Amino acid sequence: MLDSSGNLQALALALAVARYLPPVPQAPPPPPPWSSDYLTLGVTGTNGKSTTTSWLAAAITEPGAPPPVCITTLGFFEGHTSLPVPTHHDGFLAALRECHARGSRQAAIEFTSEALALGFARAWPVQIGVFTNLTHDHLDAHGSPEHYLASKAQLFVALPVGGAAVLNGCDASSALLAEVIPEGVRVLRYGVPSRGAAIAPLDVRASEVRIGWEGTTMTLVAGDPRKAEKLPRELHVRAIGEVFAENALAALLGAHAAGIPFDVAAARISAASPPRGRFEVIAERPWVVVDYAHSPDALARTVAAAKQICIAKLWVVFGAGGNRDRDKRAPMGEAARPADHVLLTTDNPRDEDPKVIAESIHQGLQGHGGVEVVLDRAEAIRRAVEGAAETDVVLIAGKGHETEQKIGREVRSFSDVEVALDAHRVRRSR
């Protein structure tokens with residue numbers, strides 16, 4: 001996504017002035033002196049941030065050394081230890097200070113566009129920045145594609161001399177991000193075939209990506225023939241889908257920029273578990289998959305992955321958030337079109353009428369004969385799991401690891417995983 005309005009001049013201008021953003025209200029204070037003891041790898045983009053950040057943390061983990069800190073949408077971790085999630089900047093600093101006192105000197109952090117827009121890249125030093133991709137999402141918070149990308153750009157604008165930027169060289173936005181990276185910052189690029197043609201020479205690319213129920217395997221090619229012998233011929237990850245090949249290459253190059261040899265980083269990424277709620281297979285006969293995909297691009301890629309390994313019919317259950325970016329709803333419907341059965345349901349409707357949200361999504365599914373609206377999310381999940389044949393695949397998208405649902409002003413306990421497992425148990429007991 002360069003600019004949905006086609007105004008490339010405005011987008012280029014937004015990125016050009018990103019170096020000189022005016023102070024934001026209640027901007028966080030400068031980083032504390034001890035923060036410079038950390039080697040921090042920051043990850044931003046629309047999709048794949050949590051997976052890439054988690055695999056980066058795995059790749060830089062040295063046996064016998066204090067574990068790195070890993071902060072993602074999924075939580076706050078010190079190695080395999082889950083810590084309380086900070087709710088504000090002071091809490092973030094306090095938590096990092098405690099890890100620092102225990103010897104931690106590395107951090108892999110997921111950066112949201114909202115946090116970057118508030119100046120967080122200037123509040124915590126990042127030496128290695130990683131960009132996953134930029135697609136349609138969060139325009140309710142940013143107002144325009146220009147502001148969204150300019151916010152992401154802050155991570156790269158703030159990189160220090162001697163630092164590194166790892167860019168998705170098959171995502172057109174990378175060319176614009178490269179324009180605002182300071183001199184003295186090394187730029188590394190990766191790419192996979194499904195994202196499109198490379199817009200600049202790639203340091204590492206996947207020439208072939210194969211997916212199956214056991215995971216994803218990619219054939220690696222080095223851009224520089226002199227580095228080819230140092231790069232493993234293949235990299236296998238336990239997550240399913242071509243998008244995870246992108247995440248793996250981003251983590252591989254990020255770890256390489258941090259000084260980890262390619263073969264060591266690849267082995268660690270291969271051994272790492274995929275994050276919860278990311279094409280998470282929770283049952284078989286039928287296969288039931290839970291995924292966090294909640295943007296058009298993420299849903300389209302997740303549906304494509306499920307369709308590729310499905311030998312029978314594909315069922316997709318999803319909705320869209322209320323009081324959020326309305327323009328992405330019809331494209332999300334279009335993203336689900338390859339499915340045989342589509343159940344439109346609620347996500348987090350908040351103060352919007354769920355029926356209106358479902359109707360907006362349905363605009364992208366006009367002419368599809370297998371669409372059903374079931375606004376009760378639990379009922380929609382049960383209907384799909386119990387209605388599918390044993391060789392079918394049921395993909396439940398949108399909430400992934402989340403355990404709550406926001407309806408009106410009420411926050412209810414709700415887990416796609418738990419509801420789907422209950423439905424599967426009922427089905428198997430019959």
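Output the strands (runs of 3 or more DSSP E) that fall wholly within segment 355-430 and possess 1 or more residues being touching a residue at least 60 places away in the same chain (Cβ under 8 Å) and in contact with a helix residue (DSSP H, G or I) (Cβ under 6 Å, 6 or more places away or on another chain), or say none.
Output list reads 393-397.
Checking the condition more than 28 Å from E410 (Cβ to Cβ) and modelled with pLDDT of 95 or more, which residue from A358, A330, A312, A384 passes?
Result: A312 is the single residue among A358, A330, A312, A384 that is more than 28 Å from E410 (Cβ to Cβ) and modelled with pLDDT of 95 or more.
Spot the failing condition for A58; the list is (1) at pLDDT 95 or above; (2) out of contact with any Lys or Arg (no Cβ under 8 Å at 6 or more places or on another chain), and only one is missed.
(2)
Take the residues in segment 150-191 that are in contact (Cβ under 8 Å) with a residue 40 or more places away in the chain, among the small types (G, A, S) and assigned to a helix (DSSP H, G or I), then tell me which one is surrounded by the most Cβ atoms within 10 Å (Cβ to Cβ).
Among residues in segment 150-191 that are in contact (Cβ under 8 Å) with a residue 40 or more places away in the chain, among the small types (G, A, S) and assigned to a helix (DSSP H, G or I), the one surrounded by the most Cβ atoms within 10 Å (Cβ to Cβ) is A153.
Would you point out the residue of segment 37-49, among those that are of a type outside the set (V, I, T) and modelled with pLDDT of 95 or more, that is farthest from Q127 (Cα to Cα)?
Per the criteria, the residue is D37.
Please determine, by comparing only the residues of segment 252-275 that are within 21 Å of L202 (Cα to Cα), touching a residue at least 40 places away in the same chain (Cβ under 8 Å) and in a loop (DSSP other than H, G, I, E, B), which one is farthest from the chain's Cα centre (by Cα).
Selected residue: I260.
What single numbered condition from (1) at pLDDT below 95; (2) under 22 Å from L39 (Cα atoms) fails to hold for A200?
The one condition A200 does not meet is (2).
Residue by residue, here is whether (1) in the same structural domain as T217 (by TED's automatic domain parsing); (2) part of a loop (DSSP other than H, G, I, E, B); (3) closer than 27 Å to R427 by Cβ holds:
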| residue | (1), (2), (3) |
| --- | --- |
| V303 | no, no, yes |
| K307 | no, no, yes |
| A320 | no, yes, no |
| N323 | no, yes, no |
| P338 | no, yes, yes |
| D347 | no, yes, yes |
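Quick one: M332 ticks every box in (1) surrounded by 20 or more Cβ atoms within 10 Å (Cβ to Cβ); (2) in contact with a Phe, Trp or Tyr (Cβ under 8 Å, 6 or more places away or on another chain); (3) not in a helix (DSSP H, G or I) bar one, so which box is it?
(3)
Take the conditions in contact with a His (Cβ under 9 Å, 6 or more places away or on another chain), under 20 Å from S415 (Cα atoms) and not small (G, A, S) and apply them to V281. Does it pass?
The answer is no for V281.
The values are calculated or read from the model by the stated rules, or taken from the named source; none is laboratory data. On a predicted model such as this, the values are computed, not experimentally measured, just so you know. Counting neighbours? That spans all protein chains shown, and the Cβs are built from the backbone with ideal geometry, glycine included.
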